[in-house]
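Novice: Please see the structure below; I have some questions.
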Amino acid sequence: MPNTHSLYNPGANVTGHATSEVAASRFVKVAGARNGGNIAVVHATAGSRVLGVAGHAAKAGDLVHVLRGSRIVGVESTGAIAAGADVAAGADGKAATASEGDAIVGQAVDAASEGIVYVALA
């Protein structure tokens, strides 16, 4: 029987263990070794590789649902992002227009509005 555990399905959502406070709708990245079988996560830093988007807020030490895969999610933005722009992690896990050398995490499917941009995850 095939293994259906989320760690063996790279497009599946995962449960993360927040190593510091995580805000909802922010990019998160791997923070270190797994904790209790869950991937340790923290807000992504500018230009870093992203694991997914926090599905809800979590305090340090709590579990957080991490949205991954081919889906469109709302992410807090650092400012204006044009529809169709490549998106990267900006400061404190917020979405930013990708610059040369950034890890591209998706594409904006609409212009950023009221601090949220909708991103088709790569």
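Novice: If the elastic network links every pair of Cα atoms under 10 Å, which of R68, R34, R26 fluctuates the most in the Gaussian network model of the chain?
Specialist: Most flexible of the set in this elastic network: R34.
Novice: 5 Å is the cut-off here: which amide hydrogens, built 1.01 Å from N in the peptide plane, fall below it relative to G106, excluding neighbours closer than 5 in sequence?
Specialist: HN-HN under 5 Å from G106: V87, A122.
Novice: Sticking with this one: Starting from the Cα of S70, step 7 Å along the direction of its Cβ; do the same at N38; then give the gap between the two resulting points in nm.
Specialist: Using points 7 Å along Cα→Cβ, the separation is 2.9 nm.
Novice: Please report, in Å, the Rg and the Dmax of the stretch 78-122, where both are computed over Cα atoms only.
Specialist: 9.1, 27
Novice: Also, quick follow-up: In whole Hz and in residue order, list the ³J(HN,Hα) couplings for the stretch 61-70 that follow from phi through the Karplus curve 6.51 cos²θ - 1.76 cosθ + 1.60, θ = phi - 60°; x for Gly and Pro.
Specialist: Each residue of the stretch 61-70 in turn: x, 8, 8, 9, 7, 10, 7, 9, x, 7 Hz.
Novice: For the chain, give the magnitude of the charge dipole about the Cα centre (Cβ charges: +1 Lys/Arg, -1 Asp/Glu; no others), in debye to the nearest 20.
Specialist: That gives the chain a dipole magnitude of about 420 debye.
Novice: Using a 1.4 Å probe on the protein chains only, how many percent of the accessible area of the chain belongs to carbon and sulfur?
Specialist: 50 percent
Novice: Using Stokes-Einstein with the Kirkwood hydrodynamic radius over Cα pairs, what translational diffusion coefficient do you get for the chain at 25 °C and a viscosity of 0.890 mPa s, in µm²/s rounded to a whole number?
Specialist: Value of D from the Cα-based Kirkwood radius: 174 µm²/s.
Novice: Could I get the Rg over Rh figure for the stretch 30-71? Both from C-alpha atoms, Rh via Kirkwood, rounded to two places.
Specialist: Ratio of gyration radius to Kirkwood radius for the stretch 30-71: 0.94.
Novice: May I ask you to derive the relative contact order of the chain, considering only C-alpha pairs under 8 Å and at least 6 residues apart, and to give it as an integer percent? All intermediate terms of the calculation are to be shown ahead of the outcome.
Specialist: Details: 352 pairs, mean separation 29.5, N = 122.
Value for the chain: 24 percent.
Novice: What FRET efficiency comes out for E100 versus A80 if R0 is 30 angstrom and r is the Cβ-Cβ distance? Round to the nearest 0.05. Please list the in-between numbers first.
Specialist: Values: r = 19 Å, r/R0 = 0.62.
Between E100 and A80 the formula returns 0.95.
The values are calculated or read from the model by the stated rules, or taken from the named source; none is laboratory data. Predicted model, so just to flag it, every value in this text is computed and none were measured. In this analysis, Cβ positions are derived from the backbone assuming ideal geometry, glycine residues included, and neighbour counts consider all displayed protein chains. Side chains are part of the model used for accessible areas, which takes the heavy atoms of the whole protein and leaves out ligands, DNA and RNA. Shrake-Rupley method; radii C 1.70, N 1.55, O 1.52, S 1.80 Å.
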